Amino acid sequence: MLKEVIFAGRSNVGKSTLFSALLKVEVRKGKKPGTTIKPNSFQFGKVIFTDLPGFGYVSGYGRSFSERVKDFVVEYIETNARRIVASVDVIDASSFLEIAERWERRGYIPVEIEMFEFLKEVTPRVFLAANKMDRVDDPSIISRIAEKLGIQPPWDNIIYPVCAKKGEVTSLKRDLKQYLLSLNLKDAAKAFR
């Protein structure tokens with residue numbers, strides 16, 4: 001049976017850029033939110049790596065389309081849950097707290113927090129990629145993100161500060177590869193060149 005590693009997160013957080021940086025594959029990337037509107041999948045051995053569309057704002061489309069994308073992502077994960085061995089939940093470290101606090105002030109659970117909780121329930125292992133670290137000046141940002149998500153220290157095997165655009169993905173790549181090797185998925189581990 002094929003296994004799968006999914007990349008999920010809000011639009012415009014750098015999922016496709018991270019996907020490309022980790023796997024050295026070319027996927028369509030854009031400056032506008034919502035460039036990825038259908039899953040991009042690559043198979044290495046017995047593992048499929050899938051870059052899912054981002055949920056939230058999609059440039060050029062209305063709110064109902066954004067809701068359909070979010071529903072599609074959730075349905076995709078639920079439908080394929082048995083074969084998903086890991087998820088990479090990508091957030092924008094430079095704006096995560098501001099967006100989360102804005103939604104909480106309005107009385108809503110932030111979508112990023114909902115997605116993280118959902119992935120923890122449905123997938124055996126969640127790697128949280130805190131992307132765009134090159135835009136962050138606050139040295140406590142990762143601790144504050146961990147606190148907002150209810151992650152207890154030490155968080156270094158859960159949250160991975162990365163800058164996908166600059167190729168700064170070493171710790172995430174190392175731990176994801178080790179995890180796949182621990183599942184005896186040697187061919188898939190070769191994906192990380």
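Where a number appears in this text, it was derived from the coordinates with a stated rule and is not lab data. Being a predicted model, the structure only gives us computed values, none of them experimental. Neighbour counts run over all protein chains shown; Cβ positions are idealised from the backbone, glycine included.
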- Under a cut-off of 16 Å between alpha-carbon atoms, report the lysines in cross-link reach of LYS190, not counting same-chain residues fewer than 8 places apart. LYS3, LYS24, LYS46, LYS173, LYS177
- Nearest-20 debye value, the stretch 3-189 charge dipole, Cβ charges on Lys, Arg, Asp, Glu: 640 debye
- Query: What's the Cα-based Rg to Rh of the stretch 3-189, Rh via Kirkwood?
  - Reply: 0.93
- Distance in nm between pseudo-label sites at ARG102 and MET1 (7 Å out along the Cβ direction from Cα): 4.1 nm
- Taking a straight Cα-to-Cα line shorter than 20 Å from LYS165, and setting aside same-chain aspartates and glutamates fewer than 8 residues away, one finds GLU26, ASP51, ASP89, ASP92, ASP134, ASP137, ASP138, ASP175
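About the Cα centre, and with charges only on the beta carbon of Lys, Arg (+1) and Asp, Glu (-1), how big is the dipole of the stretch 85-139? Nearest 20 debye, please.
In debye, rounded to 20, the stretch 85-139 gives about 100.
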- Most positive-pole-ward Cα, VAL73, ILE48, LEU149, against dipole of the chain from beta carbon charges: ILE48
- Query: For the chain, what is the calculated [θ] at 222 nm in deg cm²/dmol (nearest 500), taking -39500 (n - 2.57) for each run of four or more DSSP H residues and dividing by its residue count?
  - Reply: -11500 deg cm²/dmol
- Task: Please list 16-22, 137-143, 3-9, 98-104 highest first by mean number of surrounding beta-carbon atoms within 10 Å per residue.
- Result: 3-9, 16-22, 98-104, 137-143
